[in-house]
Amino acid sequence: MLVIGLTGGIGSGKTEVSRLFIGRGVPVIDTDVIARELVERGSPALSEIATNFGDDMLTADGTLDRRRLREAVFADSGKRKRLEDLLHPRIRDRVAERLAELRAPYAVVVIPLLVETRYPIPVDRVLVVDVTEERQIERVMVRDSVTTEAARRIVKQQVTRAERLAAADDVIANNGALDALDEQVRLLHRTYIAMAGAGD
(Lines give C-alpha, C1' and ligand atoms only; values in the text may rest on other atoms or scores of the structure.)
Protein backbone atom coordinates (compact mmCIF):
# COMPACT_ATOMS: atom_id res chain seq x y z
CA MET A 1 0.00 0.00 0.00
CA LEU A 2 1.28 3.44 -0.94
CA VAL A 3 1.70 5.69 2.12
CA ILE A 4 1.48 9.47 1.67
CA GLY A 5 2.85 11.69 4.43
CA LEU A 6 0.76 14.87 4.55
CA THR A 7 2.39 17.84 6.23
CA GLY A 8 2.34 21.63 6.28
CA GLY A 9 2.87 24.52 8.63
CA ILE A 10 0.34 25.67 11.18
CA GLY A 11 -2.66 27.27 9.46
CA SER A 12 -1.80 25.72 6.10
CA GLY A 13 -5.05 23.78 5.76
CA LYS A 14 -3.99 20.19 6.49
CA THR A 15 -7.37 19.42 8.08
CA GLU A 16 -9.32 20.59 5.05
CA VAL A 17 -7.06 18.64 2.68
CA SER A 18 -7.53 15.55 4.87
CA ARG A 19 -11.31 15.94 4.62
CA LEU A 20 -11.11 16.11 0.85
CA PHE A 21 -9.13 12.85 0.74
CA ILE A 22 -11.57 11.19 3.17
CA GLY A 23 -14.42 12.32 0.92
CA ARG A 24 -12.85 10.25 -1.85
CA GLY A 25 -12.76 7.15 0.32
CA VAL A 26 -9.09 7.41 1.23
CA PRO A 27 -8.13 6.21 4.74
CA VAL A 28 -6.50 9.04 6.71
CA ILE A 29 -4.49 8.55 9.91
CA ASP A 30 -3.90 11.77 11.87
CA THR A 31 -0.93 11.76 14.24
CA ASP A 32 -2.42 14.66 16.23
CA VAL A 33 -5.48 12.49 16.96
CA ILE A 34 -3.20 9.61 17.98
CA ALA A 35 -1.21 11.93 20.26
CA ARG A 36 -4.44 12.92 22.04
CA GLU A 37 -5.44 9.26 22.41
CA LEU A 38 -2.06 8.41 23.93
CA VAL A 39 -2.41 10.95 26.74
CA GLU A 40 -5.95 10.10 27.82
CA ARG A 41 -6.59 9.90 31.56
CA GLY A 42 -4.92 6.86 33.12
CA SER A 43 -2.61 6.21 30.18
CA PRO A 44 1.08 5.29 30.66
CA ALA A 45 2.15 8.30 28.57
CA LEU A 46 0.16 10.70 30.76
CA SER A 47 1.74 9.22 33.87
CA GLU A 48 5.20 9.77 32.34
CA ILE A 49 4.33 13.37 31.47
CA ALA A 50 3.36 14.00 35.10
CA THR A 51 6.60 12.37 36.28
CA ASN A 52 8.77 14.35 33.84
CA PHE A 53 7.02 17.73 33.90
CA GLY A 54 5.20 17.80 37.24
CA ASP A 55 1.74 16.96 38.54
CA ASP A 56 0.62 20.51 37.77
CA MET A 57 0.43 19.40 34.13
CA LEU A 58 -2.73 17.52 35.15
CA THR A 59 -6.13 19.07 35.82
CA ALA A 60 -8.12 18.37 38.98
CA ASP A 61 -9.89 15.45 37.29
CA GLY A 62 -6.61 13.83 36.21
CA THR A 63 -6.65 14.80 32.54
CA LEU A 64 -3.86 16.58 30.72
CA ASP A 65 -3.75 20.36 31.00
CA ARG A 66 -2.85 20.84 27.35
CA ARG A 67 -2.49 24.59 27.55
CA ARG A 68 -0.09 24.45 30.51
CA LEU A 69 2.03 21.75 28.85
CA ARG A 70 2.07 23.64 25.54
CA GLU A 71 3.25 26.80 27.30
CA ALA A 72 5.96 24.87 29.17
CA VAL A 73 7.46 23.20 26.10
CA PHE A 74 7.00 26.24 23.84
CA ALA A 75 9.30 28.25 26.09
CA ASP A 76 11.96 25.55 26.58
CA SER A 77 13.51 23.55 23.75
CA GLY A 78 14.91 21.01 26.25
CA LYS A 79 11.44 20.27 27.58
CA ARG A 80 10.08 20.07 24.04
CA LYS A 81 12.72 17.47 23.19
CA ARG A 82 11.82 15.43 26.31
CA LEU A 83 8.15 15.48 25.35
CA GLU A 84 8.97 14.41 21.79
CA ASP A 85 11.16 11.58 23.12
CA LEU A 86 8.23 10.42 25.21
CA LEU A 87 5.48 10.65 22.61
CA HIS A 88 6.94 10.32 19.10
CA PRO A 89 8.07 6.67 19.31
CA ARG A 90 4.62 5.74 20.63
CA ILE A 91 2.95 7.70 17.82
CA ARG A 92 5.15 6.00 15.22
CA ASP A 93 4.26 2.55 16.57
CA ARG A 94 0.53 3.33 16.65
CA VAL A 95 0.64 4.57 13.04
CA ALA A 96 2.34 1.32 11.98
CA GLU A 97 -0.40 -0.68 13.74
CA ARG A 98 -3.17 1.29 12.02
CA LEU A 99 -1.54 1.02 8.59
CA ALA A 100 -1.17 -2.76 9.00
CA GLU A 101 -4.95 -3.00 9.50
CA LEU A 102 -5.81 -1.16 6.25
CA ARG A 103 -6.66 -2.62 2.87
CA ALA A 104 -6.59 0.24 0.36
CA PRO A 105 -4.58 1.34 -2.69
CA TYR A 106 -3.07 4.13 -0.62
CA ALA A 107 -3.41 5.86 2.72
CA VAL A 108 -2.64 9.37 3.97
CA VAL A 109 -0.83 9.90 7.26
CA VAL A 110 -1.08 13.47 8.57
CA ILE A 111 2.24 14.36 10.23
CA PRO A 112 2.46 18.08 11.09
CA LEU A 113 6.10 17.72 12.18
CA LEU A 114 7.15 15.36 9.40
CA VAL A 115 10.14 17.51 8.45
CA GLU A 116 11.11 18.33 12.05
CA THR A 117 10.71 14.98 13.82
CA ARG A 118 13.67 12.90 14.93
CA TYR A 119 11.48 9.77 14.93
CA PRO A 120 10.43 9.57 11.28
CA ILE A 121 7.34 7.66 10.24
CA PRO A 122 8.15 5.77 7.01
CA VAL A 123 6.21 7.19 4.04
CA ASP A 124 6.52 6.67 0.30
CA ARG A 125 5.81 10.28 -0.68
CA VAL A 126 5.71 13.61 1.14
CA LEU A 127 2.75 15.86 0.31
CA VAL A 128 3.17 19.44 1.53
CA VAL A 129 0.23 21.82 1.90
CA ASP A 130 1.89 25.12 1.06
CA VAL A 131 0.72 28.57 2.07
CA THR A 132 2.37 31.97 2.37
CA GLU A 133 3.58 33.02 5.80
CA GLU A 134 1.22 36.00 5.69
CA ARG A 135 -1.77 33.71 5.16
CA GLN A 136 -0.54 31.41 7.96
CA ILE A 137 -0.38 34.32 10.39
CA GLU A 138 -3.87 35.50 9.40
CA ARG A 139 -5.34 32.02 9.96
CA VAL A 140 -3.58 31.48 13.29
CA MET A 141 -4.82 34.86 14.53
CA VAL A 142 -8.41 33.93 13.68
CA ARG A 143 -8.22 30.32 14.88
CA ASP A 144 -6.45 30.97 18.20
CA SER A 145 -7.64 34.55 18.84
CA VAL A 146 -4.07 35.83 19.23
CA THR A 147 -2.23 38.98 18.18
CA THR A 148 -0.17 39.29 15.02
CA GLU A 149 3.01 39.14 17.11
CA ALA A 150 1.92 35.97 18.92
CA ALA A 151 0.90 34.30 15.66
CA ARG A 152 4.24 35.23 14.10
CA ARG A 153 6.13 33.68 17.04
CA ILE A 154 4.16 30.43 16.66
CA VAL A 155 4.88 30.27 12.93
CA LYS A 156 8.59 30.98 13.51
CA GLN A 157 8.84 27.99 15.87
CA GLN A 158 8.40 25.65 12.89
CA VAL A 159 10.77 24.90 10.02
CA THR A 160 10.73 27.42 7.20
CA ARG A 161 8.48 27.20 4.19
CA ALA A 162 11.57 26.62 2.02
CA GLU A 163 12.72 23.68 4.17
CA ARG A 164 9.29 22.08 4.00
CA LEU A 165 9.08 22.51 0.22
CA ALA A 166 12.57 21.04 -0.18
CA ALA A 167 11.29 17.84 1.44
CA ALA A 168 8.18 17.63 -0.77
CA ASP A 169 7.44 15.12 -3.50
CA ASP A 170 4.07 16.77 -4.14
CA VAL A 171 2.71 20.20 -3.25
CA ILE A 172 -0.80 21.55 -2.77
CA ALA A 173 -1.05 25.35 -2.87
CA ASN A 174 -3.69 26.55 -0.43
CA ASN A 175 -3.76 30.31 -0.82
CA GLY A 176 -7.01 30.44 -2.76
CA ALA A 177 -10.56 29.13 -2.84
CA LEU A 178 -11.84 25.73 -1.69
CA ASP A 179 -12.71 24.78 -5.28
CA ALA A 180 -9.07 25.14 -6.28
CA LEU A 181 -8.03 23.00 -3.30
CA ASP A 182 -10.53 20.30 -4.21
CA GLU A 183 -9.27 20.19 -7.81
CA GLN A 184 -5.68 19.70 -6.65
CA VAL A 185 -6.74 16.85 -4.35
CA ARG A 186 -8.76 15.29 -7.18
CA LEU A 187 -5.73 15.25 -9.47
CA LEU A 188 -3.43 13.90 -6.77
CA HIS A 189 -5.95 11.20 -5.91
CA ARG A 190 -5.86 9.98 -9.51
CA THR A 191 -2.06 10.12 -9.50
CA TYR A 192 -1.77 8.11 -6.28
CA ILE A 193 -4.30 5.51 -7.48
CA ALA A 194 -2.23 5.09 -10.64
CA MET A 195 1.00 4.83 -8.65
CA ALA A 196 -0.56 2.16 -6.46
CA GLY A 197 -1.51 0.23 -9.58
CA ALA A 198 -5.16 0.18 -8.63
CA GLY A 199 -6.69 1.53 -11.84
CA ASP A 200 -8.79 4.69 -11.99
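The values are calculated or read from the model by the stated rules, or taken from the named source; none is laboratory data. Just so it is clear, the structure is predicted and the values come from calculations on it, not from any experiment. Here the Cβ is made from the backbone with ideal geometry for all residues, glycine too, and neighbour counts use every protein chain on show. Surface areas here come from the heavy atoms of the whole protein model, side chains and all, with no ligands, DNA or RNA. Shrake-Rupley method; radii C 1.70, N 1.55, O 1.52, S 1.80 Å.
The table below gives the values:
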quantity	calculated
Highest-MSF residue in the chain out of Asp130, Asp76, Asp169 [GNM, Cα springs under 10 Å]	Asp76
Principal axis dimensions, the range 94-145 - Cα atoms, whole angstrom, descending	39, 24, 19
Global form of the range 95-200, assessed from the alpha-carbon gyration tensor, a/c cut-off 1.5	prolate
Candidates Ala75, Ala50, Ala166, ranked by Gaussian network fluctuation over the chain, Cα under 10 Å, top entry	Ala75
Per residue accessible area in Å² of the range 112-170, where ligands, DNA and RNA are left out and the probe is 1.4 Å	58 Å²
Gain upon complete extension [Ala177, Asp124; 0.36 nm per residue less C-alpha separation]	16.2 nm
Top of Glu133, Glu101, Glu163 by mean-square fluctuation, Gaussian network on the chain, Cα under 10 Å	Glu101
Net +/- balance of residues flanking Thr7 in space, Cβ distance below 13 Å, scoring K and R +1, D and E -1	-3
Dipole of the chain [Lys/Arg +1, Asp/Glu -1 at C-beta], most positive-end residue of Ala100, Met57, Val39	Met57
Helical contribution to [θ] at 222 nm, DSSP H n ≥ 4, -39,500 (n - 2.57), averaged over the chain, rounded to 500	-16500 deg cm²/dmol
Computed label-point distance, nm, for sites Arg153 and Asp169 using a 7 Å Cα→Cβ extension	3.8 nm
Leu58 long-range amide H proximity, modeled H, under 5 Å	Asp65
Centroid-to-centroid separation of the range 147-200 and the range 52-72 [C-alpha atoms, Å]	32 Å
Segment Ala194-Arg41, extension gain: residue separation times 0.36 nm, minus the distance between their alpha carbons	50.8 nm
Hull-based mean projected area of the chain, where the convex hull spans the alpha carbons, in square nanometres	11.8 nm²
Net charge of Cβ neighbours under 11 Å - reference Asp65; Lys, Arg +1; Asp, Glu -1	0
Net charge of neighbours whose Cβ lies under 13 Å from the Cβ of Gly42, counting Lys and Arg as +1 and Asp and Glu as -1	-3
Asp93-Asp76 pseudo-label distance in nm [points 7 Å out on the Cα-to-Cβ vector]	2.6 nm
